[in-house]
1. Tally the residues that are modelled with pLDDT of 85 or more and closer than 11 Å to Ile109 by Cβ, restricting the search to the range 58-75.
2. Are there any pairs, at least 6 apart or on different chains, whose C-beta atoms fall under 8 Å, with the first in the range 51-64 and basic (Lys, Arg) and surrounded by 13 or more Cβ atoms within 10 Å (Cβ to Cβ) and the second assigned to a strand (DSSP E or B) and at pLDDT 85 or above, and if so, which?
3. Does Met55 qualify as being modelled with pLDDT under 90 and in a helix (DSSP H, G or I)?
4. Would you pick out the residues in the range 98-107 that are out of contact with any helix residue (DSSP H, G or I) (no Cβ under 6 Å at 6 or more places or on another chain) and assigned to a strand (DSSP E or B)?
5. In this structure, does Glu15 turn out to be under 20 Å from Tyr102 (Cβ atoms), among the acidic types (Asp, Glu) and in a helix (DSSP H, G or I)?
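The values are calculated or read from the model by the stated rules, or taken from the named source; none is laboratory data. Owing to the predicted nature of the structure, the values given are computational and were not obtained by experimental measurement. Cβ coordinates were reconstructed from backbone atoms using ideal geometry, including for glycine residues, and neighbour counts include every protein chain displayed.
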Amino acid sequence: MTPEPLDNPISSEVEALEWVIYYDAAWSTHTEAWDADTLHREPGRIQIQAFDSRMEEIRDAGRPVNIPSESPAERGPVWRITIQGEVRVSMLGMGAPKNATYDGVTYVIAKNTGYLLSIRPGKMIDPGEEWE
């Protein structure tokens with residue numbers, strides 16, 4: 001299924017953060033809660049960057065480009081939002097340990113669709129329970 005383009009692409013950091021608040025509530029549990037005001041209240045805890053394409057974002061992150069071609073959802077500009085601090089990220093079935101704690105989490109969303117393209121936890125701080 002290909003997401004439909006939004007009537008108005010996500011054009012500002014504030015809008016991008018609103019989308020990430022939605023995704024983060026479903027995927028992550030932070031030791032220290034955060035909200036949209038955290039961007040100004042705790043400078044440096046949330047980083048928001050815009051890229052012209054998913055491939056540009058992947059290369060900037062220093063990650064190997066391991067997707068054969070961009071799907072329609074991945075074409076076009078993206079936002080990368082990183083939230084620092086201890087966090088548990090629900091990644092069941094992705095080879096991750098249950099209840100591991102990480103140093104931050106990064107979300108990549110498509111500007112034109114709001115589609116969540118990637119969730120990347122930071123460095124593992126505590127492996128939590130045994131690997132599943």
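1. The qualifying residues number 0.
2. Listed by first residue and then by second, the contacts come to Arg54/Val78; Arg54/Val108; Arg54/Ala110; Arg54/Leu117.
3. yes
4. Within the range 98-107, Thr101, Tyr102, Asp103, Gly104, Val105, Thr106 meet the criteria.
5. Values: under 20 Å from Tyr102 (Cβ atoms): no; among the acidic types (Asp, Glu): yes; in a helix (DSSP H, G or I): yes.
Spelling it out, it is not the case that Glu15 is under 20 Å from Tyr102 (Cβ atoms), among the acidic types (Asp, Glu) and in a helix (DSSP H, G or I).
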